[in-house]
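To start, the structure itself, in structure tokens.
The values are calculated or read from the model by the stated rules, or taken from the named source; none is laboratory data. Please read all numbers here as calculations on a predicted model, not as lab measurements. Please note: Cβ atoms are built from the backbone with ideal geometry, for glycine as well, and neighbour counts cover all protein chains shown.
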Amino acid sequence: PSSSSLLPEMAKENSPSLAEVVKRVAEQQQSQASDIEKSKAVLFQLQAKCQELEKEMNSVLLETKTTEREIHLQDDAIEVTKYHCENLEAQVRALYSENFKLRCDAEAIQEEFEMKLARNNEYREKIKDHKHLFWEMESKLPIMIELAEKKVVVEELKAKKDKLICDLQNPEGSVIKQVQEEITLLKSEVATLKDLINKKRDLLEEEKKKHAKLRKEIEVSH
């Protein structure tokens, strides 16, 4: 046979049959269907994952909003606390200033008290010295000396009178008249002395009043 007649036969032998073509198409369709199912499964997984991610994102957004709200509340609380702290600091400064002033006033009062106490002690010492000097001068006054002497005389006269009364009780009675005369004389002398003592006492009271007035003038001058 010639070459031109052999080509169609070779083409028939090399070309697939219809069954093979159908089989191949079916296999391709099955493979494509399998790929589509796999793609659908992957798509479902991706969609489920996207939904989970959306839920997580919504949860994160909710937590973020809650956190922001808490931050705002904390900021407000911080501002309130800061305001209270500033007020407390102002009160502390005011209290410190007041305490410092009170301490200064207390120190000034203490110093003034000590000065007055020292002056009072000095004044008491002066009054004590004046009193001592006054009593010393008063004891040396002539009227006081004379009064003391008169008291001694009165005591002597009283003793003498007692002795005479004792003599009068003597049963012999020889000196009654003489004793009576002496008693009368003694009574007269005693009356005179009493009158003199009263006058001296009046003079002494006047001297005491003068000294009291002088002492008041001394106290006022100090």
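For segment 175-200, the candidate set comprises residues that are loosely packed, with under 12 Cβ neighbours inside 10 Å and among the basic types (Lys, Arg); within that set, the residue that is modelled with the highest pLDDT is LYS199. Contact map, segment 105-134: first residue closer than 19 Å to GLU219 by Cα, second residue surrounded by 10 or more Cβ atoms within 10 Å (Cβ to Cβ) and among the aliphatic types (A, V, I, L, M), Cβ cut-off under 6 Å, separation 6 or more or different chains; pairs are HIS130/ILE218.
Considering ALA118, ALA212, ALA148, ALA159, the condition of being modelled with pLDDT of 85 or more and among the hydrophobic types (A, V, I, L, M, F, W, C) is satisfied by ALA118 alone.
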